[in-house]
1. Spot the failing condition for Asp177; the list is (1) in a strand (DSSP E or B); (2) more than 23 Å from Ala359 (Cα to Cα), and only one is missed.
2. Quick check on Val236: is it at pLDDT 85 or above, open to solvent by less than 30 Å² (accessible area, probe 1.4 Å), under 14 Å from Val287 (Cβ atoms) and not basic (Lys, Arg)?
3. Please state which one of Ala373, Ala348 is in contact with a His (Cβ under 9 Å, 6 or more places away or on another chain), of a type outside the set (Ser, Thr, Tyr), buried (at least 16 other Cβ atoms within 10 Å of the Cβ) and within 16 Å of Tyr55 (Cα to Cα).
4. Cβ contacts < 8 Å: first residue closer than 12 Å to Ile317 by Cα and open to solvent by 70 Å² or more (accessible area, probe 1.4 Å), restricted to the stretch 333-345; second residue of a type in the set (Ser, Thr, Tyr) and in a loop (DSSP other than H, G, I, E, B), any location; separation 6+ or different chain. Result?
5. What are the residues in the stretch 354-363 that are at pLDDT 95 or above and surrounded by fewer than 22 Cβ atoms within 10 Å (Cβ to Cβ), if any?
6. Could you grab me the full set of residues in the stretch 71-94 that are part of a strand (DSSP E or B), within 21 Å of the chain's Cα centre (by Cα) and of a type outside the set (Val, Ile, Thr)?
7. In the stretch 116-149, what count of residues is obtained for those that are assigned to a strand (DSSP E or B) and open to solvent by 40 Å² or more (accessible area, probe 1.4 Å)?
Amino acid sequence: MIGRIYVRERILSKLLSIGLEICNHIGRISIMAMHGVVPPKRKEIYKYEAPWPLYSMNWSVRPDKRFRLALGSFVEEYNNKVQIVSLDEETSEFSAKSTFDHPYPTTKIMWIPDSKGLFPDLLATSGDYLRVWRAAEPETRLECVLNNNKNSDFCAPLTSFDWNEVDPNLIGTSSIDTTCTIWGLETGQVLGRVNMVTGHVKTQLIAHDKEVYDIAFSRAGGGRDMFASVGADGSVRMFDLRHLEHSTIIYEDPQHTPLLRLAWNKQDPNYLATVAMDACEVIILDVRVPCTPVARLNNHRASVNGIAWAPHSSCHICTAGDDHQALIWDIQQMPRAIEDPILAYTAAEGEVNQIQWGATQPDWIAICYNKAAEILRV
């Protein structure tokens, strides 16, 4: 196997479950053999090599598009690409379904969070602007380019964005100009219509004293109105779309080190994770106990680049970094110290700059490094 995944605790229970799985698997193989059926090969890792270095990545959540990823290039010139790739489960090979131009590297890519397939098959990217695309094979079409600067055709670069899972007509963007913008989309979601997607600024607010580096909607209070942001001032701030006249600072880095990433727990909106610039640890916060981290995950040996909570569990989170590692942690012992991850993938052939946990494929994690994207069974 290309990689090695180590189980570092609960060895006996793991061995027992493996034994049961082997027995069940042998039983299934025997039954298939009696009927002349050859069971398909099961791989733990699938790899795709892109034509260029990769940075951004996101899983599709549509039920009819299993194992589909969008990948963004990182080329230091005005000539980047976004590629949509899909895994053929019969051949065990990834193939490119669509490739389109993107001027600057995408700071983030995200598929519309539409697990029921009710909306058009949309993809958004951030960079110099927020762009919304309609996915199709072989050609993906640009639907709209959204500029949050009302006074100019140019806007400050967007560092990140988040697509609201409860209301897919809402997108929040963060920018180096200290603002966050909440966009309202008109997606033409009525079946049978092919209207162009359009968007407008619902609200724009000065979120931080310096650049804003990430934004994420929370599932608290129904999951539509609460969001948080992090930025170069070293703070985590929470906002409510219904009361934007004030925000709540729930954490400040003691040295005011910029905070680069933010991720909400998918099952328990009391918890979120953040990571500081050049830091080897991930900080877990409880919004009910502001300003004091409830856990620090610090087994990485180089800067952490990505954090992703499990879509199906409130106590599992995955982290990845420049040390070529992706680590999965069990945090249910909080507030006791979390000393070691429960799983470690250590065979990435480069600095892991992105990690995504499949929202509709909770057994799979995707990482990218150099020109490679891999999905790993966990």
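1. Single failed check for Asp177: (1).
2. Values: at pLDDT 85 or above: yes; open to solvent by less than 30 Å² (accessible area, probe 1.4 Å): yes; under 14 Å from Val287 (Cβ atoms): yes; not basic (Lys, Arg): yes.
Considered against the rule, which asks whether it is at pLDDT 85 or above, open to solvent by less than 30 Å² (accessible area, probe 1.4 Å), under 14 Å from Val287 (Cβ atoms) and not basic (Lys, Arg), Val236 comes out as yes.
3. Going through Ala373, Ala348 in turn, just one is in contact with a His (Cβ under 9 Å, 6 or more places away or on another chain), of a type outside the set (Ser, Thr, Tyr), buried (at least 16 other Cβ atoms within 10 Å of the Cβ) and within 16 Å of Tyr55 (Cα to Cα): Ala348.
4. Qualifying pairs under 8 Å: none.
5. Listed by number, the list is empty, since nothing qualifies.
6. Step one: of the stretch 71-94, the residues part of a strand (DSSP E or B) are 71-73, 80-88, 93-94.
If we keep only those that are within 21 Å of the chain's Cα centre (by Cα) too, we end up with 71-73, 80-87, 94.
Those that are part of a strand (DSSP E or B), within 21 Å of the chain's Cα centre (by Cα) and of a type outside the set (Val, Ile, Thr): Leu71, Gly72, Ser73, Asn80, Lys81, Gln83, Ser86, Leu87, Phe94.
7. Residues of the stretch 116-149 assigned to a strand (DSSP E or B): 122-126, 130-134, 141-146.
Subset that is open to solvent by 40 Å² or more (accessible area, probe 1.4 Å): 134, 141-142, 145.
So the count comes out to 4.
Residues checked against (1) at pLDDT 80 or above; (2) surrounded by 14 or more Cβ atoms within 10 Å (Cβ to Cβ); (3) within 16 Å of Ala124 (Cα to Cα):
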site: Asp162; (1), (2), (3): yes, yes, yes
site: Asn169; (1), (2), (3): yes, yes, yes
site: Thr173; (1), (2), (3): yes, yes, yes
site: Thr178; (1), (2), (3): yes, yes, no
site: Arg193; (1), (2), (3): no, no, no
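The values are calculated or read from the model by the stated rules, or taken from the named source; none is laboratory data. Bear in mind that the values here come from a model prediction, so they are computed numbers and not experimental data. Positions of Cβ are backbone-derived with ideal geometry, glycine not excepted, and every protein chain shown enters the neighbour counts. Heads up: the accessible areas ignore ligands, DNA and RNA and are worked out on the full protein's heavy atoms, side chains in. Shrake-Rupley method; radii C 1.70, N 1.55, O 1.52, S 1.80 Å.
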